[in-house]
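The next block holds one structure in the form of C-alpha cells; read it before the comments.
The values are calculated or read from the model by the stated rules, or taken from the named source; none is laboratory data. Note that the coordinates shown come from a computational prediction; the quantities given were computed from them, not determined experimentally. Neighbour counts run over all protein chains shown; Cβ positions are idealised from the backbone, glycine included. Each accessible area value is taken on the protein alone, full model and side chains, heavy atoms only, with ligands, DNA and RNA left out. Shrake-Rupley method; radii C 1.70, N 1.55, O 1.52, S 1.80 Å.
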Amino acid sequence: MIKHLFFKSFTHLNYVAFFLLAIGLVNGCASDTPININDPLENRGSYDVHINSVSVPNPEDLEKPLSGKVYFPSHDDGASRANGDYKLILLTPGFSASYTLYERFAKHFVSHGFVVLGFDFVPSASSTDGEHDYKARQVSYVIDFALSEANEISDYIDSTDIGLAGHSMGAKVGFYAASLDRRIST
C-alpha cells in the first residue's frame, strides 16, 4: 500500500527531474571541464597527463586480471612521462562503477604531480556477499604490481608514500585495505 502511494505521487515530472539530475551528476564526474573555475580545487596543476593501460595479475584468479590505467605527469602534452619520484594514488571505484567514471579526478591529481593508478575490482565467481576482504587484497595486488621492477611504473613513484582515493564502496574497501597493508599511508 505504501509503495503504491509513493509511486502514485511520484509524477512524470519527478521522473524527468530525477533522470536529469542523475545524468548531470555522471556528466560532472566524468567531464574534464571545470565545474566552477573560481574554486581553487578546480585549478589544474602544471603537468600534462600521459596515460597507459595496464593489466594487473590477480593471483587468486589468473583468468581474471584487474584492468586499469596509469596516469603519469607529463611535460609534452601527454606524449611521454615526466621523470621523477611521484607519490602514487590508487583510485578505487564505488559499487558497480568503474574507475573511468573518476578519470577527471585522476587527471587533476596528476596535474599536481602525482601518479594515479585507477582500476576496476574483479568479483569472484562464487561469492554472494560484498567481497570486501577480496577487494582489499586486490588493492594490495595493485600495489605489488606498481612496485614491481618487472614494469616501468616503479621507476616513477615514491614507494614509501602510497595513497588511496575511493568513492563509496571504493572508500570502504580502501580503509579496509589500509588496515591490512602498511604500504598505504594516506
Of all the residues that make up region 69-83, how many are open to solvent by 60 Å² or more (accessible area, probe 1.4 Å) and either of a type outside the set (A, V, I, L, M, F, W, C) or not in a loop (DSSP other than H, G, I, E, B) (or both)? 4
Kindly indicate whether any position in region 146-156 is in contact with a Gly (Cβ under 8 Å, 6 or more places away or on another chain), at pLDDT 90 or above and either within 22 Å of Pro93 (Cα to Cα) or charged (D, E, K, R) (or both). no
Among the residues of region 140-154, write down those that are in contact with a Ser or Thr (Cβ under 7 Å, 6 or more places away or on another chain) and exposed (fewer than 14 other Cβ atoms within 10 Å of the Cβ). Ser148
Among the candidates Tyr86, Tyr71, Tyr102, single out the residue that is touching a Cys at 6+ places or on another chain (Cβ under 8 Å), closer than 21 Å to Leu164 by Cβ and not charged (D, E, K, R). Tyr102
May I ask you to list the residues in region 155-170 that are open to solvent by 30 Å² or more (accessible area, probe 1.4 Å) and part of a helix (DSSP H, G or I)? Asp155, Tyr156
Within region 147-163, does at least one residue satisfy the condition of being free of Cβ contacts under 8 Å to residues at least 40 places away in the same chain, of a type outside the set (Ser, Thr, Tyr) and touching a Pro at 6+ places or on another chain (Cβ under 7 Å)? no
Take Leu62 and tell me if it is among the hydrophobic types (A, V, I, L, M, F, W, C) and touching a residue at least 12 places away in the same chain (Cβ under 8 Å). no
Filter region 81-113 down to residues that are without any contact (Cβ under 8 Å) to a residue 60 or more places away in the chain and of a type in the set (S, T, N, Q), then give me how many there are. 2
Looking across region 45-66 at residues that are of a type in the set (Gly, Ala, Ser) and open to solvent by 80 Å² or more (accessible area, probe 1.4 Å), the single one that is modelled with the highest pLDDT is Ser53
Only residues that are touching a Phe, Trp or Tyr at 6+ places or on another chain (Cβ under 9 Å) and more than 16 Å from Tyr141 (Cβ to Cβ): list them for region 158-168, please. Asp158, Gly163, Ala165, His167, Ser168
